[in-house]
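**Q** Handing you this structure, nothing more for now.
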Amino acid sequence: MTKLTVTIITLNEAGHIRACLDAVRWADERLVVDSGSTDGTQELARAAGARVIERDWPGYSPQKNFAATQASHDWILSVDADERVTPELGAEIRELLTRGPEAAGYRVPRVTWHMGRWIRTTDWYPDRQLRLYDRRRATWPTRRVHESVTADGPVVDLKGEMQHFAYRDIGHHMQTMDRYTTLAADELHAAGRRAGLFDLTVHPWAAFMRNYLLRGGIRDGIPGFVISTMNAYYVFLKFAKLWAKGQGK
């Protein structure tokens, strides 16, 4: 049977880490790489049976690559502290490991809990994430935000869901958007991209129509409308910050 290490990077995740680790208790190893938590995250992780390494924060991708290098096994399941591996996904992964994985990596559908419901519409679903991978054939390319694994070989989709508890409320959602759009604008600006009126007007409108109509946000009532609107605002804010950078502001 192929052995598996679950890797989790953390910073002040005391509210999430125990449930996250409990959901993958079946793994051969659970490794937490923490970047200086002050809320007891490390202690809670150790009490839950995880191996904990402390390391200064170098960015999302470098930290996840470091975690993979420190794992005891070549097969990695990368999970964020605010995510939960469902029993169905866990059983699917264990069955795969028993017979021996053949692909370089496996994507899992991720479903987000927000405004009192699981969101299975808009750009948020199925939101497939390549999280189960062979570290000998896959890595996290450097990105400032929305990092993802790139595999050198075939990638297969799994059926079991990963649950995502990304936001406490709409205020927390807005704070996260502000942080991520700054990182996204920085990355675009560093790549030589600039923003103009077209980006500020057409792209947000297109994002709303895609989320609300094409990807079914309308079926989720007011939460679907709110998420579609905020997804469009994310696009607007990203390009507004990019435009400001181009003006030296």
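The values are calculated or read from the model by the stated rules, or taken from the named source; none is laboratory data. Treat the numbers as computed from the prediction; the structure is a model and nothing was measured. Positions of Cβ are backbone-derived with ideal geometry, glycine not excepted, and every protein chain shown enters the neighbour counts. These accessible areas exclude ligands, DNA and RNA; they are computed on the full protein's heavy atoms, side chains included. Shrake-Rupley method; radii C 1.70, N 1.55, O 1.52, S 1.80 Å.
**Q** Considering Pro141, Pro109, Pro154, which residue is open to solvent by 20 Å² or more (accessible area, probe 1.4 Å) and either of a type in the set (A, V, I, L, M) or modelled with pLDDT of 95 or more (or both)?
**A** Only one candidate passes the filter, namely Pro154.
Residue-by-condition table, conditions (1) touching a residue at least 24 places away in the same chain (Cβ under 8 Å); (2) of a type in the set (Gly, Ala, Ser); (3) within 18 Å of Lys64 (Cα to Cα):
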| position | (1), (2), (3) |
| --- | --- |
| Arg107 | yes, no, yes |
| Arg110 | yes, no, no |
| Ile119 | yes, no, no |
| Tyr133 | yes, no, yes |
| Thr142 | yes, no, yes |
| Glu147 | yes, no, yes |
| Asp152 | yes, no, yes |
| Val155 | yes, no, no |
| Gly160 | yes, yes, no |
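**Q** Shifting gears a bit: Any chance region 41-52 includes a residue that's out of contact with any helix residue (DSSP H, G or I) (no Cβ under 7 Å at 6 or more places or on another chain), of a type in the set (A, V, I, L, M, F, W, C), farther than 11 Å from Ile9 by Cα and at pLDDT 95 or above?
**A** Yes - at least one qualifying residue is present in region 41-52.
**Q** Moving on to the next point. Return the residue satisfying two criteria in turn: it lies in region 86-106 and is of a type outside the set (Gly, Ala, Ser) and assigned to a loop (DSSP other than H, G, I, E, B), and of such residues it is nearest to the chain's Cα centre (by Cα).
**A** Selected residue: Thr86.
**Q** Separate question: Among the residues of region 217-236, how many are open to solvent by less than 30 Å² (accessible area, probe 1.4 Å) and under 22 Å from the mean Cα position of the chain (by Cα)?
**A** The qualifying residues number 9.
Quick grid of which residues meet (1) open to solvent by 10 Å² or more (accessible area, probe 1.4 Å); (2) over 23 Å from Arg143 (Cβ atoms); (3) out of contact with any Phe, Trp or Tyr (no Cβ under 7 Å at 6 or more places or on another chain):
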{"site": "Gln70", "(1), (2), (3)": "yes, no, yes"}
{"site": "His73", "(1), (2), (3)": "yes, yes, yes"}
{"site": "Gly90", "(1), (2), (3)": "no, yes, no"}
{"site": "Ala103", "(1), (2), (3)": "no, no, yes"}
{"site": "Trp118", "(1), (2), (3)": "yes, yes, yes"}
{"site": "Thr122", "(1), (2), (3)": "no, no, yes"}
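**Q** OK, next. Starting from region 28-46, keep only residues that are hydroxyl-bearing (Ser, Thr, Tyr), then list their pairs with residues that are surrounded by 15 or more Cβ atoms within 10 Å (Cβ to Cβ) and part of a helix (DSSP H, G or I) whose Cβ atoms are within a distance under 8 Å, requiring at least 6 positions of separation or different chains.
**A** Ser35/Gln63; Thr41/Ile17
**Q** Same structure again: Do you know which residues across region 50-88 are of a type in the set (Lys, Arg) and touching a residue at least 24 places away in the same chain (Cβ under 8 Å)?
**A** Lys64, Arg84
**Q** Could I ask something else about it? Find all pairs meeting these conditions: Cβ atoms under 9 angstrom apart; at least six residues apart or on different chains; first residue within region 175-199 and free of Cβ contacts under 8 Å to residues at least 12 places away in the same chain and open to solvent by 50 Å² or more (accessible area, probe 1.4 Å); second residue of a type in the set (Val, Ile, Thr) and not in a helix (DSSP H, G or I).
**A** Pairs that qualify, where the first residue is free of Cβ contacts under 8 Å to residues at least 12 places away in the same chain and open to solvent by 50 Å² or more (accessible area, probe 1.4 Å) and the partner is of a type in the set (Val, Ile, Thr) and not in a helix (DSSP H, G or I), are Arg179/Val145.
**Q** What pairs come up if the first residue lies in region 205-223 and is closer than 19 Å to Tyr167 by Cβ and without any contact (Cβ under 8 Å) to a residue 24 or more places away in the chain, the second is among the polar types (S, T, N, Q) and open to solvent by 90 Å² or more (accessible area, probe 1.4 Å), and their beta carbons are under 9 Å apart, counting only those six or more places apart or on different chains?
**A** From residues that are closer than 19 Å to Tyr167 by Cβ and without any contact (Cβ under 8 Å) to a residue 24 or more places away in the chain, there are no pairs.
**Q** Which ones in region 1-45 are polar (S, T, N, Q), under 28 Å from Thr98 (Cβ atoms) and crowded, with 22+ Cβ neighbours inside 10 Å?
**A** Within region 1-45, Thr5, Thr7 qualify.
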